[in-house]
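S.K.: The structure is given below, and queries will be raised subsequently.
What follows is calculated from the coordinates using simple rules that are stated; it is not laboratory data. Note that the coordinates shown come from a computational prediction; the quantities given were computed from them, not determined experimentally. Positions of Cβ are backbone-derived with ideal geometry, glycine not excepted, and every protein chain shown enters the neighbour counts.
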Amino acid sequence: MDTYTVHLAMAALVGASLVAVSAYYMHRKTLSQLLEFAKTVEREREDISEGESLQHSMKRRGQLSRRKGNGYYRRGSASLPDVTVISGVIDGEEKRNGPIHVDGIPAGLPRLHTLHEGKSGGRGTPVKRSASLIRPTTPKSPSASAFESIEGSDDEDDIIDNSKLDDTYLHTNGNAGPNLPDRSNANGEAIQIAASSMIRTHSISGDLHGVQPDPIAADILRKEPEHENFARLKISPSEVPSPDEVEVYVVLQECLEMRKRYVFKEAVAPWEKEVISDPSTPKPNPNPFFYASEGKSDKFNLHLMLNVDKEFLAQKSAPHRDFYNVRKVDTHVHHSACMNQKHLLRFIKSKLRKEPDEVVIFRDGTYLTLKEVFESLDLTGYDLNVDLLDVHADKSTFHRFDKFNLKYNPCGQSRLREIFLKQDNLIQGRFLGEVTKQVFSDLAASKYQMAEYRISIYGRKQSEWDQMASWIVNNELYSENVVWLIQIPRLYNVYKEMGIVTSFQNILDNIFIPLFEVTVDPDSHPQLHVFLKQIVGLDLVDDESKPERRPTKHMPTPDQWTNVFNPAFSYYAYYCYANLYTLNKLRESKGMTTIKFRPHSGEAGDIDHLATTFLTAHNIAHGINLRKSPVLQYLYYLAQIGLAMSPLSNNSLFLDYHRNPFPMFFLRGLNVSLSTDDPLQIHLTKEPLVEEYSVAASVWKLSSCDLCEIARNSVYQSGFSHALKSHWIGTEYYKRGPAGNNIHRTNVPHIRLEFRDRIWREEMQLVYLGKAIIPEEVDK
């Protein structure tokens, strides 16, 4: 035998040995998989018999579907229930293990159309693939199917003729009843289908695209609002945090605890001082100015996929309420721009026609009447129009705060601003008072819209407070729909250059000394005393985009700050916060109303503005720069600090509308509301707040439930009284989650608030490593 033959024989022997060894191991692996499969099926049967959820068992069965022999492969979707059980997909499994009971799908989901018995879902494939025939979509209304055909997609092998669809469905209340038709397997054995295993829809037609009258539409008004049994997400972290994560959580805890120590909170909450037994409309104050001397993230989208139908049905079943008649508060609007441009134009024309001889201004050593002022400008009432008024923001104001402020001058003339938009002028603000009353009248007519107007105290002299209070009281500027905030412009450098003040301490004295005096002795400033009952907040305003020095521990104190440079934002914020904290403690001890710190922050400029207000402020205006700092954004979410956001205003000044982070903040659960900021410069209609809501709803596709939740947030953020909030959003509004909601007042389903509250609690427990102590009431 030659060498070639020997080598050939040896190669054959080695090859045969390898094949034998491979066959042995493959056989052993196959047996192991079969044993594992048998044990898994047995465990599933035991779990199902003990009441385990269908979703868990379907998930494990889906994981094993690719391991089955004979080329078995079943397509499915991770976002949809495994409905192939209903269509008889696992007949073979039933033969081996007995009838399979499917009863874990919760009632209330839309129905899924299935195939007739014995019909195949694909070409030349023995497997019925119903799960691949449908795709979830956002329903346009509860009467339309929650699923739609994928006709025209690339998965042509999965498409079947609509005429072969089964029209079997459950009653829309989720109960199948005794006459539910059974299905049979290949051997004719009947498979009883549990009622809860069917998926229901609001459409009765067998056609996927058919829209028929809703069987429950007639029952909606007879039912209580639906707010139970919604699909809850499993979001609790299963893994143990690493040492680095624990260190981060400890830092976040310290930040939250530091905020709790800094921010002023009333010792006795409003709902503890005043128990509301009758939630009807509080009686208006018949004489508000009377004074008598006194001796004393993606989770939200998943939630919508699971519960949007139920939220919509809950809103439909809440009688009377809709977006238009839930209370909405404009939480950030400047008083000098509270009217729209057409309103101001009509008012100017009216005064020029009715009071042309009224002496209105002193300029260049001469007193001028209203007619003479317009003659000096070479204008008549007929010439005036909205374009000539030129108060509306345009492209020229983008990133130009100085040009935006010039829009407060009608026709570009500062004298017209002084006459019509100032309260400290020759006519003592009479024109501004009259136009303000007209705006109050519009708010009262709308009934469901409220506003918090910001009016300026500059800190140039202490008499500003008495002058402001006198203007309010003498013009009787009072409305049940309005409260006031005081805004302090950060203009120290301007006053220093003009010689009005010598140090920063002068501004603090001019602002806070009158407030301490009237708190200690109301008789010293009686008009200011009654005006302070309507003041709910203190604001800081100016262009945040200006460059500034960041403060350090070596910064001079206010009485030592005598240079011409303007202090940084955080310097202003700290000293205003510190004085206001002390003032609030004094006022609370005397049973008087307190004032919250609610500054502009995060519209532009440095991120440390937002860090400062996190420690000192109750709510802030704008906050769009939180998009640049995920850590601060998370802290604002955990602390639920209110953000009064104005997307249309930001669009004119600092940030294009489509880049505004409002929709992202809302989805993530931050406490956001919509506000107008400057209707005179921004808005076009008589109802600027509704205009703000309508644009946001159109651009960001907000639902009615979303709009009502934002409106509810605005009431929470506002400074209106406990009695009014109880009437507007429910007597227990101060409780967390659905316990504090009244859908008959807010039109917000309990489902939405339970989701928000549950996600927030999970995040708090995560940060506090499972040891968070969460009170049942919101912060005071």
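S.K.: Could the peptides 710-716, 659-665 be put in order, highest first, of the mean number of other beta-carbon atoms found within 10 Å of their residues?
M.R.: Result, highest mean first: 710-716, 659-665.
S.K.: Please list the non-local residues whose amide H lies under 5 Å from the amide H of residue 363, H modeled 1.01 Å from N, same-chain partners needing a gap of 5 or more.
M.R.: Distant-sequence amide H within range of residue 363: 368.
S.K.: Taking the mean number of other Cβ atoms within 10 Å as a proxy for protection, how do you rank 578-587, 309-318 from highest to lowest?
M.R.: My ranking of the peptides, most packed first, is 309-318, 578-587.
S.K.: Pairs of Cα atoms under 8 Å, at least six residues apart: use those to get the relative contact order of the range 615-745, whole percent.
M.R.: 18 percent
S.K.: With the crude spin-label approximation of a point 7 Å out along Cα→Cβ, what separation in nm comes out for residue 23 versus residue 774?
M.R.: For the pair residue 23/residue 774, the computed spacing is 6.3 nm.
S.K.: Evaluate E = 1/(1 + (r/R0)^6) for residue 394 and residue 659, where r is the Cβ-Cβ distance and R0 equals 22 Å; express this FRET efficiency to the nearest 0.05.
M.R.: Numbers: r = 19 Å, r/R0 = 0.86.
FRET efficiency, residue 394 to residue 659: 0.70.
S.K.: If you take all C-alpha pairs in the range 536-595, what percent of them are over 18 Å apart?
M.R.: 47 percent
S.K.: Quick check on the exposure proxy: order 603, 687 from fewest to most C-beta atoms within 10 angstrom.
M.R.: Listing 603, 687 from fewest to most nearby Cβ atoms yields 687, 603.
S.K.: Continuing with this model, one more query. Taking a spot 7 Å from the Cα of residue 369 along the direction of its beta carbon, which residues of the range 419-462 have an amide N less than 17 Å from it?
M.R.: Correct set: 427.
S.K.: So for 468, 645, fewest C-beta neighbours within 10 Å to most, what's the order?
M.R.: The order, fewest Cβ neighbours first, is 468, 645.
S.K.: Tally Lys/Arg at +1 and Asp/Glu at -1 over every other residue whose Cβ is under 10 Å from the Cβ of residue 518; what's the total?
M.R.: -3
S.K.: Which pairs break 22 Å Cα to Cα here: 342/596; 342/437; 349/407?
M.R.: Details: 342/596 34 Å; 342/437 16 Å; 349/407 19 Å.
In this structure, 342/596 lie more than 22 Å apart at Cα.
S.K.: Can you list residues from other chains, or at least 5 along the same chain, whose modelled amide H is less than 5 Å from the amide H of residue 537?
M.R.: The list, which skips near neighbours in sequence, is 486, 596.
S.K.: Dipole of the range 253-767 (Lys/Arg Cβ +1, Asp/Glu Cβ -1, origin at the Cα centre): which of 525, 647, 288 lies farthest to the positive side?
M.R.: Of the listed residues, the answer is 647.
S.K.: Among 411, 708, which comes first, second and so on when ranked by fewest other beta-carbon atoms within 10 Å?
M.R.: With the sparsest Cβ surroundings first, the list reads 411, 708.
S.K.: While we're on this one: For the range 585-702, rounded, prolate or oblate, judged on the Cα gyration tensor with a ≥ b ≥ c (square roots of eigenvalues), a/c < 1.5 rounded, else prolate if a/b > b/c? It would help to have the intermediate numbers written out before the result.
M.R.: Values: a/c = 1.96, a/b = 1.35, b/c = 1.45.
In terms of gyration-tensor shape, oblate.
S.K.: Treat each spin label as a single point 7 Å out from the Cα along the C-beta direction, and report the residue 403 to residue 380 distance in nm.
M.R.: With each label point 7 Å from Cα toward Cβ, the separation is 3.3 nm.
S.K.: Here is a further query. How long are the semi-axes of the ellipsoid equivalent to the range 253-767, from square roots of 5 times the Cα gyration tensor eigenvalues, in whole Å, largest first?
M.R.: Working: eigenvalues 253, 154, 122 Å².
Computed over the range 253-767, the values are 36, 28, 25 Å.
S.K.: Quick check: the distance between the Cα centres of the range 651-671 and the range 418-472, to the nearest angstrom?
M.R.: About 30 Å separates the Cα centre of the range 651-671 from the one of the range 418-472.
S.K.: Here is a follow-up. Is the shape of the range 423-469 rounded, prolate or oblate, going by the alpha carbon gyration tensor and its root eigenvalues a ≥ b ≥ c, with a/c under 1.5 for rounded and a/b larger than b/c for prolate?
M.R.: Oblate is the answer for the range 423-469, as a/c is 1.5 or above yet b/c matches or exceeds a/b.
S.K.: What are the residues whose amide H is under 5 Å from the amide H of residue 600, where those residues sit 5 or more places off or on another chain and H is modelled from the backbone?
M.R.: HN-HN under 5 Å from residue 600: 540, 621.
S.K.: Would you give the gap between the C-alpha center of the range 1-34 and the C-alpha center of the range 481-512, rounded to a whole Å?
M.R.: Between the Cα centre of the range 1-34 and that of the range 481-512, the gap is 94 Å.
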